[in-house]
Structures are given as C-alpha cells and as structure tokens.
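Notes for the one structure printed next.
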Protein chains: 4
Amino acid sequence: MIKVGIIGSTGYAGSELVRLLMGHKEAEIKWFGSRSFVDKKYASVYQNFFEIVDDKCMDDNMQALAEQVDVIFTATPQGLCASLVNDEILSKVKIIDLSADFRLKDVNVYEEWYKLEHKSPQYLEEAVYGLCEINREDVKKARLVANPGCYTTCSILTCYPLVKEGLINPDTLIIDAKSGTSGAGRGAKVDNLFCEVNESMKAYGVASHRHTPEIEEQLGYACGKEIKLNFTPHLVPMNRGILVTAYASLTKEVTYEEVKAIYDKYYKEEKFVRVLEKDNCPQTRWVKGSNYVDVNFKIDPRTNRIIMMGAIDNLVKGAAGQAVQNMNLMFGLKESEGLELVPMFP
Amino acid sequence: MIKVGIIGSTGYAGSELVRLLMGHKEAEIKWFGSRSFVDKKYASVYQNFFEIVDDKCMDDNMQALAEQVDVIFTATPQGLCASLVNDEILSKVKIIDLSADFRLKDVNVYEEWYKLEHKSPQYLEEAVYGLCEINREDVKKARLVANPGCYTTCSILTCYPLVKEGLINPDTLIIDAKSGTSGAGRGAKVDNLFCEVNESMKAYGVASHRHTPEIEEQLGYACGKEIKLNFTPHLVPMNRGILVTAYASLTKEVTYEEVKAIYDKYYKEEKFVRVLEKDNCPQTRWVKGSNYVDVNFKIDPRTNRIIMMGAIDNLVKGAAGQAVQNMNLMFGLKESEGLELVPMFP
Amino acid sequence: MIKVGIIGSTGYAGSELVRLLMGHKEAEIKWFGSRSFVDKKYASVYQNFFEIVDDKCMDDNMQALAEQVDVIFTATPQGLCASLVNDEILSKVKIIDLSADFRLKDVNVYEEWYKLEHKSPQYLEEAVYGLCEINREDVKKARLVANPGCYTTCSILTCYPLVKEGLINPDTLIIDAKSGTSGAGRGAKVDNLFCEVNESMKAYGVASHRHTPEIEEQLGYACGKEIKLNFTPHLVPMNRGILVTAYASLTKEVTYEEVKAIYDKYYKEEKFVRVLEKDNCPQTRWVKGSNYVDVNFKIDPRTNRIIMMGAIDNLVKGAAGQAVQNMNLMFGLKESEGLELVPMFP
Amino acid sequence: MIKVGIIGSTGYAGSELVRLLMGHKEAEIKWFGSRSFVDKKYASVYQNFFEIVDDKCMDDNMQALAEQVDVIFTATPQGLCASLVNDEILSKVKIIDLSADFRLKDVNVYEEWYKLEHKSPQYLEEAVYGLCEINREDVKKARLVANPGCYTTCSILTCYPLVKEGLINPDTLIIDAKSGTSGAGRGAKVDNLFCEVNESMKAYGVASHRHTPEIEEQLGYACGKEIKLNFTPHLVPMNRGILVTAYASLTKEVTYEEVKAIYDKYYKEEKFVRVLEKDNCPQTRWVKGSNYVDVNFKIDPRTNRIIMMGAIDNLVKGAAGQAVQNMNLMFGLKESEGLELVPMFP
C-alpha cells in the first residue's frame, strides 16, 4: 500500500485527488495538508466526504511528511513546491507537483510568465513533465514529476500527433480553449461568484496566459524547433470541462483517412485517449468525472486548414487524474488503477 | 458473475444503471434493451460509453431475455413491465422494475393515479417494495422488486424514523420536493429544453403527482394507519439531485438530542444514509453521483413543528443505485458492491 | 425631474435601481453612493453601464446628499440607514430604505432577529411598510418608506387575500421559498461561488431566517391577530427569481371559483399582480426582469389544504422595482412609470 | 403609428421582437403569425406576455397581411419568406426577413449551403443586407431587408474596421464563436434538452456552418476581394449571448493606440457599438437584453497576430433588435427608438 500525502488538499484539484484515491486499491492517504484549515475536519470543508474521510487537515510540513509517506502531491499555488523541496526530501519520497513550478525547463521563461523567483531551479533539469501518453518511460523513472496544466494537457494531446508528424505548420497554430469554472479555484472572488459567471462567457488572459509557454515548449519538442502560437482561454458557465478548438494550416493535401491513421498511430493503444468517430465533435459532457481525453478533427479544404478538437475533465485528466496516472507509473502499478471511471452523464 | 439484462437502457436511469454496473465486480450486462435504438451501438446513444461499451441495442423481448440472464431491470415507462411479466419469466429470472407498476399494493390506487389498466395485478401481492433500508429482509427473498420512485425514496427516508416512532403527526405532513431535470427523462419536449428550464423554477403536478400515494402507502405502514399528506414537486435548473423539505407538527416537546437519537437508531448502521451534523442542511451537491441519502432536521419551537430535510442523487439512490442495491441483496452479494462511489464535487 | 441619490448603488439591488431609473422619465440619478468604490467610475464596477452612466461613485454622506436630491434610496446592509437618518434629513428628503431597518414596528423583534442595536427606533412608528398593493395610501403620504424584503414581498402577496378573508387558518401556514443567487448579494464568499451553487440546491436559515417576523407581522395585520408560521428559504442555481409555495388548511369547503374570486377581488385592478389562469403554476422565467408578481393556487380536497404559489423577480418587485413603485407613489407620479417592463424570456 | 405584422412570432426571435415592440412608441403589432399555434392565445405560448398581449395567433397569410400592415417581419425557417414574397406584396409593405433567404447575393451560394431551392432569386439584387452600422443609407431606402444572422452580426462588426482598413490579412482570419442555446431555437430536440446542454460545451457545424459564406461575403466587400475564412460555432450552456474570438495576422506593426483609433473611426458615433477600454474583454453578461455590441482587441507581438473580440445578445442585436433598428431606419424614425435598453445584469 502506497502511503500518500497531499499538500493543498482543500482546493478543487486537491479534493478531486482525494475522491480518486479513495477508489484506488493500492494507495492510502496519510496526510490531508491544508494551511487554511489546519485541525478542521476534512469532511467539514468538503461535505461529500462526510462519513468517508475522518481525518483532520494538517499543515504544509513537507519535511515531516517525507518521513511518513511514499509520495507527496502538491496541489498548491505556484512557488510553494519549489520553496519546500530539497535533496533530503527527494531522497525519501517521490513528488508529484500539480503547480507550474517544474513544468518549464527554462527558469527565465518561468520567472517572466509567472512573475516569481524560482526557489529551486536546480531541479528543473531532473523534473519530468508528466504527460503520461508522451513521456511515459521518463515518468516511470522519475522522483519529481511536474504534472501538466489543465489547458496544456488538453491542448497538447489534441495537436500532438499532427505536430509530431509535420502535418501542420506549427507557426500557424491557434488554440482557442474554453474551461469550466472549477479551473479558477475555490478562492472567494467576485469574478467567480455564481451570478457573475452564470449566463455569461468571456475570454481572459488574452495573449498572456501562463499555459502558453508550456504548450509551446512541449509542442516544440514534438516538432524539433521553437514555436510561438496563440492560446486564448475562456470562462464557461459550467463546473467542469475543457474544450479545445485548435486551428492550423496543413503542410500538404490530406484525406480524412490519412489524418485518422496518424491519430490512431499515437492513440490507438492509449486507454485514456479516445479518437472519436468521423464528424463526432468532442463534448465535455462525455468525459465528465473521468480521465478520458476525447479528440477529433475536421479538414477544411476551402482554407487548407485543419480544425483539431479535444475535451477533458479539467479536474481529472487536467489535474488529479493525471497525477494519479503519474503515480501509478512511478510506482510500477497498473497505469489505470483508480482511474477506470465511466464518465458521468448527465 | 451475474448476468444482467436491461430493458429501457437508453433513458437517463437506464444509462446510469449501465454506468454503475460497469464498476460492479460481480455483474455483467448481457442485454442493452432499447426499443427506440434497436441495432444502434449503445455508445452512439450515450457517447460517454465510447470504447467502454461495444454492444448494440436490443429489443424488449423479455421472454428471450429470461433465457439468457439472471436478472432483468426494467427502466421503462409505466405499464410495460406489467404487460410483459408472467409466471414462466418469473420462474427463470429475478426482476427489478424501476417503473411504478408494482409499487402500490392496491390496483385501484394504481389505476386511478396512473390512468392505466394494470396488466398483471396478480403479482402485486408478491412484489417487494425495494426500499432497502426498510425492507431489506424481504428484498433478499424477492424475485420481483418494485424499485421506489426518486421523490419517494428521498421523502420516505427523510421522514421515516419520526413517523415510525410517532414523534410527528403524520396528518400534518407536508413534503415540498425539488428535483433536477434528469428526473423528467430524455424525451424531446419543449418544456424540458435548456432555455425553458434554465434560469427558472416552478412547481408542477401540484396536489396530483403520482408519487403521492406511494409515499402515503409506505409511511402509512410505518405509523400503522392510512395517511393523507401534501406532496409538491418542483423543477430545478440542475441536472441531478432531489432535495426534500418536509414539515410536520411534533406530537410532544423534544430536544435536538432526542430527535437525533431517533435518526441514529434507524440510520447509524446504514451505509448509505448519512445523518448530518447539527445545523448542516443537506445539499444535493454533496451526494451527486453517489448512492447516499443525506438527512437532517431542525426543530422550530415557535410553531411546534419540525422541518426534516433530505438530499439524494435522483439517478443513483433515486433509481439506478437503489436498483443495484436491491440486486446485491437479492443475490446475496455485499450490499454496497458497485456503489462505493464518492460523491463528485464540484 | 426628481433628483435621486442612491446609497449602496454597487450591490445587486443598487445596480438594478440604476437600470430601472435609467428608463424612468421623471427621475434622474444625481449620486451613485458606494463606500467601497469611491471615485471609481460606476461603469467600471458594472460594465453593462459603459457609455450609459458616466458618473463616479460617491461616499455615504447622507447629510450632503440631502441637500442635493429629492429622494434617497438606501440599498445597504441592515443598520446603516438607521444610523444615518435624522430629523433634519427627513425634513429635506424622502427616504426609501431597502434594508430591514424600518420594516418591523417592534424594535425588540428587530434587535432579536437581526442581532443589532437599532439606532433610530423613534422613526419606526412613522415609517410606512412599502408594499404598494396593500399600503398604497400610506405610502403616498410617507417621507420614510421601509421597502419590503424580497422573500417577504412574494410570500405576503401570495397569501394575503386568503389570510385577509379568513379562508385559511394562518396558524397552519407554511411557506417554502426558493430564491435565485442574486439574493445573496455580491460579497465574495466561497458559498456563493459558481461551482458551489451550480448543480446544487439547499435550504438555509431554517426556522431562523430574518424575513420570518416580517411576514408574520404583515399577515398578522391582515387577519387581525398575531401569528407564527414556518418560513424556509432555499438557494437555487439561477441568477434571479423567487418562487413561493405556501401551504395552509382551509377554514371551510371552497370551490376553485370562490377562491379565484377572492384573488381577483384584491388583484384584478393591480397592474403588477397577475392571477394566472387555472392550473398554470407561476414560474420565475415568466416574470424575469419585470415588476410582476404571478400568483395562483390549487385546492387539495384530499387534505383540506390549499397550495398557494407566487413568483417574482427578486431584484425588481423584490427590491428595486418596488422601491421605484414606492417613489412613484410618494411623488404623485404614475405608479407604473419606469416599470412597464415586459418580462425577458428566455 | 406603424402597423406591424410578424410571421413566425412564436420562435425565440419572434417573441423577442414582440418584447421589443411592446416598448416601441411608434409601432403596434397587428398580426401575431404562428402556423403552429393558430387561434391559440399568444400569451399562452409565452406566458411572460400574460395580461400584456391579448391577441391570438394567426396563420402565415402574407397576402392578407400585406393589406393590413406597414411592415412584415418574417422570423421563420429558411425558404418561407422567399416562397411567399411577390411584387404585389412588396408594393404594399416593407419586409424585414430574419431568415437567410435574402442575405447572400449569389443564389448558387445560397442553394449550396442551405440545400434549398431559392423561390425568389429575382429579389436578391434589390434586397439590402441590414447591418445598420455598415449599410445604413441603403437600409433607409429599402423595401426588402435581409436581417443578418446572429453569428454574422457579431463576427462582422468585430472584424470590420481592421478588414476595411487593410490592417489584417483577411485570408488568415479565424473566427471562433460561442453561442447561448436560444440560438438553437425552440424546437423540441434531444440535443437541446436541459440535461444535454447544461454542464457541457461543444463545437458544431465545423467547417460547414451556414453563416460562413455570409461573413465571407460581407467582409469581402469590406476589403474589396473574395475571401475564405474559418468559422466555428460552439454551443454554450447559457440562454443568451454570442461571444466571438477572432484571430488574424497583422499586415504591419501597429500600436494599441493606432488600432484603437481605427475602431473609434468606425464606431465612435455608433450608439450600439461600444469599443471597450484597454484590456477589458467583452463579456456576454454586459450586453444581455440590449442591442449593444461590445468589441475590443489585443495585439500579440509574439505571433504578429491580433485577437479581436465581440459580444452581443443573439436575440437582440443578433435578431430582433437589429430588425427593429432596420425598421426604424426604413421608416425614418429615430434609429434607437424602442432599443434604448440597459443590459440586464445579473
């Protein structure tokens, strides 16, 4: 039984991690960290866990935690994990960081986009970018995994095969993403009140959202060169779900079957990526509560572009689910353990 | 491995049954019945099941089905199960009927409220009302179970202990219930369109809803006499969830502790009923996707009334979850098998 | 042209007041009070007013304001209006208070339910309870009007005719009310975040909500005796709207026509109260954005009770619209001036 | 007083037309056409109009209607207006067609995208494309106006100034649009049920939506050449609102101020187009219920692209409001008569 500690267990991603680990046969949560709720019962913060979780919230002591558990998940704001981690800790436990601290290899890019000094740049080299479908083998050997961002996961997996195979010109890539409101976290802000979000839609972080360099870096690896793309996130009046609509120019004339074959080449064996049938557009309702990524595409011969689409549950494949998938890989467990969740509809 | 057949698998309750049974270790669906979609792939009707369910939809042939499975769930409109069932079928398979056909013992009451001739009144006597927490022992021995209605389940479990113990005057009972829209089914009706339901709330079936006699009959058994009560359902702009607010006059002066003790007497050992802590009102968000019933109460000394509250997921404890719970009891399995679902929030 | 000052113009009720007064031919807003946003452009707080309102927010100086305007609306938390008002001010301007400060005649009841010392009990006697349909003549002569609460308006108007005519036993009255989330205000609280409210429903303030004594007092006047009733508010995942479902025992056998005649007696001439046609249940969608109150009822001969239903837009008839209606009466204008708004659907 | 007839008054756009015209001082509805509800009271189909509209629904007899009114609005499916209109009718009344019948000048393009034979191509030349801000003078003289589509209105007005001034390369234009569900109409379809739309988001009509050629034609006029662009509509779980996010490559280096000056050149004098302040992204909540178009832009120097954004209420500026604006122009009334609606929030 793997012993798990969570730092930041009372955010939405943290609580989803708890939900998923409750159904995991080989893992057991030993530490429900939450600076804001120390000594309060976890189930009083999230009452869905009433009579399921009896523990109280603990503080953020990563040092103490490292003595007691096999793996630490940090579901905390940027900067915290980098400020706590050190050699001794890394020698004792594996760390899966759900924040952005170890996602970007270049510390300057991190500091520019996050407006934050990086406290542990020495681990950037070692940290593995935990997008399981792409970096599976590296994840297996990692002791520090940077769990990808929610928008990033959906964006990359939607475009990856075509970028990798050179079928699209990466410099023409435009990613228009739409997210449910849980992506904004549980902080009490007027902008996230029910009446402000409901019955409305908006873009935000236009040409400046922090997931942009993360997508650029990873897709850059795929095509072997630096790329710059447009990424625009939008807020949607729903709890969960990310939908990505991505546009790019084709580098040559292709048929539906040819493109489908490329997607299948990368994803046919992937349990959690479903390449939909022709003309079925991904919808967030079909993946809600699950670790699936639904992808599809449409060729537009009129403009010589291809429209790629992807849908995930931002809290599962976009956060907690992927983190568990990484844990499974790191500990040699079945990759889908605890994640065989049928999407819940309606 | 129990072989399962579902008649009416493409309604919302039917599809929830599929979702739950996919996670059930001792059951396997052999027949996805759906008159409207015969020969269509089940996963094309509910795309959450893409790459999870490969089967095609079958017709309603209960006779043929009885040869192939151990238990049949009928998640169909009223009248269908009663028109198909017969001695031969009942000798071969167990039946769990999610419609109202076998819920009311008095055929006249059924025919009056449902405006329908009952085709198999001869089985009314035998059929067991499948509210597991109350009729557990009878369910275990049953071959025909009438799965309770969604409003009914929530209403009865919310009020049962106090009615049973004579703490409230059942003739003063008023049940004001609120339901998510999945309770209205997947039929294409203008009244259930997004724009008609969203941003609105209404009562319907006032003083005439068909779950009324069902609640009256069951609570009547609890207090040992016929009762008449008011039940008013309301439509709420959300997918899932039923909230019941029930009012009744107290028969004597009581303290919080005394009433709490009564609830605990009936529910402390019940896995799926959670009596909340003092002053925590049940909320549908804390039970969504799970088989839990959250209940609580508040004494109002000013009016000498008690307000009882309960929340369920109408598709789980109010339909498919309870049906699986009944199946588990009927086949001697662990009662919670396939139902140990943590509520999904947000 | 009536000059208007608003204290608390940046709450939801305050901003609705601005919306309504923009369309009022005889009134002009001179002062957009908002302690939290002093010197900020009003349209930057509510961007729907961009290029419509150019003014900046002002502070809460009622003294200064009294020199400049004819009427002051206070759309502020309880206690503020009572702490600012004085004889000099009242000699110069009329005041319409949207808070609860002057709604209850008995200062003890106020202090008990609101846990607040009342700073100006000397005006309680004079203040007129501004439920226009019931106190029209008194409002016309008032200089201080207590604008009724949102739940209260809907509850009282729904039940008033039958209480007044003695058709129901007021001691059996149970009011189950459901409100959109704008009723909770624009404060940044976790409980009112989109993800917490969406896809959920709950009761709150059970047996303790502050609108209870307000309803009791007013309906007590109607039947000429003190009454105690149950009032339970619920939070609904929608922006606007209150739905009231009220239950009471009939004092005698009545027909639909007799009850309808009583409702018509009180409301036939009332522009803003619509007694719906038989069996049409009020729905909040049909009154959204308007000053209408839709009411109807259903007799239940089985239980000898009557179910009364009412729907309003909580921000219009439940707050700003009623405040404007009061202003119109106080200044001798056409009662519906600025309020002839067709409900917006969908 | 202008006499108005509406054919198709019981769709969502038709009912919004009724709402707007109820507040129009110089127009009066004489004919509530609705094939599906002939002889039913209009207010029984849309109960927001109870005690406001007393009329019954009439059939689609354009011939009869032409004798009685000054202007006919057709808010009907494609094909109907073209099949009814003739010289005699056009000699008697003005027609504002909310369908697509007269929007595209090239009958072949119409027939290809709409899969429909055009019954009156002889009027295509004469028909004026009623995008008031662009074709104002032509609209004033028109007797047949093609009211633009909802997506089209928002897309064109968002991009028009930059296309017209040659600041962007129109061949790089990608329009990603998001719409509330009222755009899908009031037809009873499973896909538009509350539970199917709520908590989900999807693209549809990818690379094939019928508003594409309409946008291409109009923006083609602006830049003086034929263009092909990508347009992708998405369904959002909200009642009203369209948000457009458009991407294009800049033809030269520009500053914020230069682009702002171009937007102002076209829109400063336009009452219904609001160019927002720097960094304020358009949000549908700020235009709901009104005829406003909110637009803004963001330059991305990293990719040399510009992101243009626009928001409208699809039922007002995207349908009924624009139709009324066209009527006002055609009859020499104040252009904003009946349309001075403050957006309703929340």
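Overview of values
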| quantity | calculated |
| --- | --- |
| Filtered residues of segment B:233-249 (kept if more than 14 Å from chain A (Cβ to nearest Cβ) and either farther than 28 Å from A:Pro237 by Cα or among the β-branched types (Val, Ile, Thr) (or both)) | B:Ile242, B:Val244, B:Thr245, B:Ala246, B:Tyr247, B:Ala248, B:Ser249 |
| D:Lys252 being within 26 Å of the chain's Cα centre (by Cα), of a type outside the set (A, V, I, L, M, F, W, C) and farther than 12 Å from D:Thr158 by Cβ | no |
| Residue pairs meeting the criteria (Cβ under 6 Å; at least 6 apart or on separate chains; first more than 8 Å from chain D (Cβ to nearest Cβ), in segment C:286-297; second charged (D, E, K, R) and not in a loop (DSSP other than H, G, I, E, B)) | C:Asn291/C:Lys317; C:Tyr292/C:Arg274; C:Val293/C:Lys317 |
| Members of segment D:255-267 that are surrounded by 15 or more Cβ atoms within 10 Å (Cβ to Cβ) and of a type in the set (Phe, Trp, Tyr) | D:Tyr263, D:Tyr266, D:Tyr267 |
| Which numbered condition B:Gly166 misses (of (1) at negative phi; (2) in a loop (DSSP other than H, G, I, E, B)) | (1) |
| Which listed residue, of B:Val38, B:Val53, is more than 25 Å from B:Glu214 (Cβ to Cβ) and away from chain A (no Cβ under 14 Å) | B:Val38 |
| Residues of segment C:143-193 that turn out to be out of contact with any His (no Cβ under 7 Å at 6 or more places or on another chain), within 7 Å of another protein chain (Cβ to nearest Cβ), basic (Lys, Arg) and in contact (Cβ under 8 Å) with a residue 60 or more places away in the chain, as a count | 1 |
| Scope segment C:206-232; condition more than 9 Å from chain B (Cβ to nearest Cβ) and in a loop (DSSP other than H, G, I, E, B); matching residues | C:His209, C:Arg210, C:Gly224, C:Lys225, C:Glu226, C:Ile227 |
| Some residue of segment C:170-179 being assigned to a strand (DSSP E or B) and in contact with a helix residue (DSSP H, G or I) (Cβ under 6 Å, 6 or more places away or on another chain) | yes |
| Hey, A:Lys252 touching a residue at least 24 places away in the same chain (Cβ under 8 Å), at the interface with another protein chain (Cβ under 10 Å from one of its Cβ atoms), of a type outside the set (Gly, Ala, Ser) and surrounded by fewer than 22 Cβ atoms within 10 Å (Cβ to Cβ) or not | no |
| Test: residue in segment A:229-245 that is over 18 Å from A:Asp313 (Cα atoms) and either among the small types (Gly, Ala, Ser) or modelled with pLDDT under 95 (or both) | no |
| Residues that are crowded, with 23+ Cβ neighbours inside 10 Å and part of a helix (DSSP H, G or I), drawn from segment B:133-152 | B:Cys150, B:Tyr151, B:Thr152 |
| Residues of segment A:83-98 that turn out to be of a type in the set (Gly, Ala, Ser) and closer than 19 Å to A:Asp70 by Cα, as a count | 1 |
| Number of the condition not met by D:Gln47 [criteria: (1) out of contact with any strand residue (DSSP E or B) (no Cβ under 9 Å at 6 or more places or on another chain); (2) buried (at least 18 other Cβ atoms within 10 Å of the Cβ)] | (1) |
| Residue list for segment A:3-26, restricted to those being buried (at least 19 other Cβ atoms within 10 Å of the Cβ) and away from chain B (no Cβ under 14 Å) | A:Val4, A:Gly5, A:Ile6, A:Ile7, A:Gly8 |
| Residues of segment D:50-64 satisfying the condition of being surrounded by 18 or more Cβ atoms within 10 Å (Cβ to Cβ) and over 24 Å from the mean Cα position of the chain (by Cα) | D:Phe50, D:Ile52, D:Val53, D:Cys57, D:Met58 |
| Listing of helices (runs of 4 or more DSSP H) fully contained in segment D:1-116 that carry 1 or more residues being touching a residue at least 60 places away in the same chain (Cβ under 8 Å) and on the phi < 0 side of the Ramachandran plot | D:12-22, D:62-68, D:80-84, D:107-114 |
| Filtered residue count, segment A:194-205, keeping only those that are facing chain D (nearest Cβ under 7 Å) and outside any helix (DSSP H, G or I) | 6 |
| Failed criterion for C:Asn314 (all others in (1) touching a residue at least 60 places away in the same chain (Cβ under 8 Å); (2) out of contact with any Pro (no Cβ under 9 Å at 6 or more places or on another chain); (3) surrounded by fewer than 24 Cβ atoms within 10 Å (Cβ to Cβ) hold) | (3) |
| Evaluation of B:Lys119 against (1) surrounded by fewer than 19 Cβ atoms within 10 Å (Cβ to Cβ); (2) outside any loop (DSSP other than H, G, I, E, B) (one fails), failing number | (2) |
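The values are calculated or read from the model by the stated rules, or taken from the named source; none is laboratory data. Everything quoted here is computed from the prediction, not taken from an experiment. All Cβ positions, even for glycine, are placed from backbone atoms using ideal geometry, and neighbour counts span all protein chains on display.
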